[in-house]
1. Within the stretch A:156-174, is there a residue that is touching a residue at least 60 places away in the same chain (Cβ under 8 Å), farther than 26 Å from residue A:278 by Cβ and assigned to a helix (DSSP H, G or I)?
2. Going through the stretch A:306-348 one residue at a time, which ones are over 21 Å from the mean Cα position of the chain (by Cα) and not in a helix (DSSP H, G or I)?
3. Out of everything in the stretch B:281-293 that is surrounded by fewer than 18 Cβ atoms within 10 Å (Cβ to Cβ) and facing chain A (nearest Cβ under 7 Å), what residue ends up being modelled with the highest pLDDT?
4. If you check every pair at least six apart or on different chains, which have Cβ atoms under 6 Å apart with a residue in the stretch A:144-155 that is more than 7 Å from chain B (Cβ to nearest Cβ) first and a residue that is of a type in the set (A, V, I, L, M, F, W, C) second?
5. Need the failing condition index for residue B:204 against (1) more than 26 Å from residue B:65 (Cβ to Cβ); (2) in contact with a helix residue (DSSP H, G or I) (Cβ under 6 Å, 6 or more places away or on another chain); (3) part of a helix (DSSP H, G or I), just the number.
6. Counting only residues that are small (Gly, Ala, Ser) and within 8 Å of chain B (Cβ to nearest Cβ), how many does the stretch A:328-350 have?
7. Is it the case that some residue within the stretch A:63-72 is in contact with a helix residue (DSSP H, G or I) (Cβ under 9 Å, 6 or more places away or on another chain), in a helix (DSSP H, G or I) and farther than 17 Å from residue A:304 by Cβ?
Amino acid sequence: MQRLRLRLVERPSPSLYLKLLISASSVLLALLLGAVFLVTSGVNPLMAYGKLFLGAFGSRFGLIETVVKATPLMLAGLGVALAFRCSFFNIGAEGQLYMGAFAATWAAYAFSELDAAFLLPFMLLLGFLGGGFWGMIPGVLKVKLRVNEIITTLMMNYIAILWVTHMLVGPWMYEGFPWSPIITEAARLPNLAGSRLHVGIFFALIAAVLIYLMLMKTRLGYEIRVVGANIKAARYAGISIFKTIIPAVIISGGLAGIAGMVQVSAIHYRIMPGLSPGYGYTAVVVALLGKLHPIGVIASSIFFGGLLVGADMMQRAVGIPVALVNIIESLVLLLIVAGEFLIRYRVSFERGG
Amino acid sequence: MKEVDEAVQEILTEIFSTALVASALRLGTPLILATVGEIYAQRSGVLNLGVEGMMIVGALVGFIGVNITGNPWMGILLAALCGGAMSLIHAFLSITTRSDQVISGFALSIFGIGVTSYIGKKWIGMAAEAGFYPIYIRGLSDLPIVGPILFSQNVLVYLAFFIVAVSSWILFKTRIGLIIRAVGENPEAADILGVNVYLTRYLCVFFGGIMAGIAGAYLSLAYTRQWVELMTAGRGWIAIALVIFGMWNPVWSFAGSLFFGVIDSFQLRLQAVGIGIPYNLLMMMPYVLTILALSSISTTALAKKIGAPTALLTPYVRGEKT
């Protein structure tokens with residue numbers, strides 16, 4: 001009996017156009033599949049997505065909120081992308097964000113008498129170090145003991161969140177609420193245009209440029225790319241895996257830490273539960289949808305920032321749980337993964353026995 | 001001083017009691033159920049990081065199933081089917097389209113968390129209509145020490161014992177086990193000998209999904225008997241760690257999951273006794289322990305050259321290697 005057989009031919013060098021096409025259709029298809037959930041909730045998906053889109057991009061307020069939400073996603077997403085570039089699967093951005101926020105908040109309390117000109121850079125540094133330290137631990141364990149970083153970075157998320165919760169119901173508890181005291185004026189990042197928009201977005205954009213330059217123009221960046229492409233070849237070429245992966249994960253965690261610092265210093269003015277509604281996990285999706293490229297990360301973080309803002313509006317307007325965003329995120333990931341297949345292979349069917 | 005000593009003594013006996021061991025078994029059961037499934041998937045060469053997502057979906061579906069049908073076994077069955085269905089997505093992506101297993105599994109975990117908090121809202125705070133309760137065996141349950149530990153558990157705990165024994169026997173003593181291990185170690189050779197590599201991997205991943213679903217339903221039907229958002233609390237990830245910790249052997253992983261059960265119930269008991277260590281710091285114990293356990297095992301495993309299945313994470317491409 002004759003039957004159709006799948007025939008796969010590897011594409012030597014897939015074009016940028018094809019990659020963009022696949023990414024865009026992954027997003028569209030994810031939204032389409034997400035609509036199934038809206039229908040089962042008895043909501044007209046066109047109307048719901050309309051609310052979502054208008055909520056995110058249809059007004060000055062929406063646009064500002066989109067950028068505000070995109071800021072931590074961009075910072076943490078750049079970090080995740082950098083770690084993934086050297087094949088270190090850092091899914092611990094959530095914990096790194098919280099530890100960065102914790103360290104920065106500590107600095108704001110301990111040096112509250114300092115001027116903003118000194119205090120803010122110091123908080124930024126501590127935010128970076130807090131997240132970087134949290135990223136370094138799984139890095140060292142991976143390189144020195146070959147401990148699987150996927151598990152350790154995830155476990156470190158739980159530990160970081162429990163640590164911050166401990167501080168909030170213990171030493172830092174304020175007026176009986178599980179949140180810390182308000183930080184002083186000097187510890188707050190300046191706002192822009194009299195709105196919630198703040199200078200954190202410039203941190204994120206500068207970080208994107210620096211990461212790009214580092215990856216493409218420096219020795220460390222080159223070594224990160226070689227280690228990511230082929231770790232055996234990197235060893236053979238005399239590249240130190242330790243000296244490549246450790247700086248990469250420190251910067252990776254540090255960027256997530258800065259995201260945490262920004263949330264404290266520009267948005268909440270304190271550390272509190274729900275400081276991050278899963279920004280660290282969304283950052284993984286941001287990095288992958290952005291194809292681990294700084295420009296891609298900027299674009300995809302704005303998309304997911306908008307999705308978060310729009311979903312908030314949609315929840316208020318038609319009562320759809322914000323968790324729809326998580327569903328769409330996971331669908332985007334699954335479709336990107338499946339799309340890789342179409343990027344790598346030319347698929348055709350042939351008749352065979 | 002004497003009074004203090006007595007108080008300490010009392011606390012210690014309260015903590016290190018038969019009840020500790022009994023609850024360790026109860027808490028270790030969901031871990032071992034998920035771990036056994038993941039061992040099969042990984043032994044066949046597929047890493048499934050979606051366990052956390054399949055467990056949380058199993059927990060919600062099991063709970064809903066029981067509240068609709070009133071039959072706890074229907075809850076388990078539905079949870080198993082949903083876990084299995086999710087695992088087939090992972091199987092398709094990692095086996096057929098040769099996609100990145102890490103990302104696919106991670107995506108399914110996010111999906112499980114998202115979809116359960118989307119659907120699960122209205123089930124929060126309800127009690128399960130039925131569930132699995134500790135059994136009472138006349139004579140045996142009243143025995144000192146072994147009575148409360150071994151003869152007063154719920155049925156699923158015994159089912160877990162049974163599954164560990166059978167899965168270990170199949171994996172190491174039967175032809176099926178040989179085929180699974182061959183597919184994970186050297187799929188080319190297995191293919192030449194006439195083994196269907198793709199089918200074997202599909203079935204192993206599917207089995208892993210079923211077990212993860214059951215493990216989740218255990219939490220909502222036997223452990224808490226209610227639905228709580230995010231109630232798996234990272235147990236799916238700990239199960240994956242236990243696979244490595246148990247060196248891909250169900251029996252060793254069983255020992256590991258009991259150890260985690262002890263730590264978990266020890267931690268709960270410390271909280272209850274109120275020994276002065278803050279609650280949130282005690283809650284860190286299983287996560288810290290996971291990292292420590294993986295760090296210790298990776299060095300010994302290297303020394304003994306017992307590592308992951310050779311073909312783990314490598315998609316099999318038929319007929320391209322000649």
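The values are calculated or read from the model by the stated rules, or taken from the named source; none is laboratory data. What you see is a predicted model; the values in this text were computed from it and never measured. We place every Cβ from the backbone using ideal geometry, glycine too, and count neighbours over all the protein chains shown.
1. Pass one, the stretch A:156-174, residues touching a residue at least 60 places away in the same chain (Cβ under 8 Å): A:156-161, A:163-165, A:167-168, A:172, A:174.
Checking the rest, the ones that are also farther than 26 Å from residue A:278 by Cβ come to none.
No, the conditions are met nowhere in the stretch A:156-174.
2. A:319, A:320, A:321, A:345, A:346, A:347, A:348, listed by residue number.
3. Per the stated criteria, the residue is B:288.
4. Hits for this filter: A:149/A:88; A:149/A:89; A:153/A:91.
5. (1)
6. Start the filter on the stretch A:328-350 by keeping residues that are small (Gly, Ala, Ser), which leaves A:330, A:338-339, A:348.
Still in the running and within 8 Å of chain B (Cβ to nearest Cβ): A:330, A:338.
Looking only at that region, the number is 2.
7. Scanning the stretch A:63-72 turns up no residue that is in contact with a helix residue (DSSP H, G or I) (Cβ under 9 Å, 6 or more places away or on another chain), in a helix (DSSP H, G or I) and farther than 17 Å from residue A:304 by Cβ.
For (1) closer than 23 Å to residue A:240 by Cβ; (2) exposed (fewer than 15 other Cβ atoms within 10 Å of the Cβ); (3) among the basic types (Lys, Arg); (4) assigned by TED's automatic domain parsing to the domain that holds residue A:245, each residue gets a yes or a no:
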site	(1), (2), (3), (4)
A:130	no, no, no, yes
A:164	no, no, no, yes
A:186	no, no, no, yes
A:194	no, yes, no, yes
A:206	no, yes, no, yes
A:211	yes, no, no, yes
A:215	yes, no, no, yes
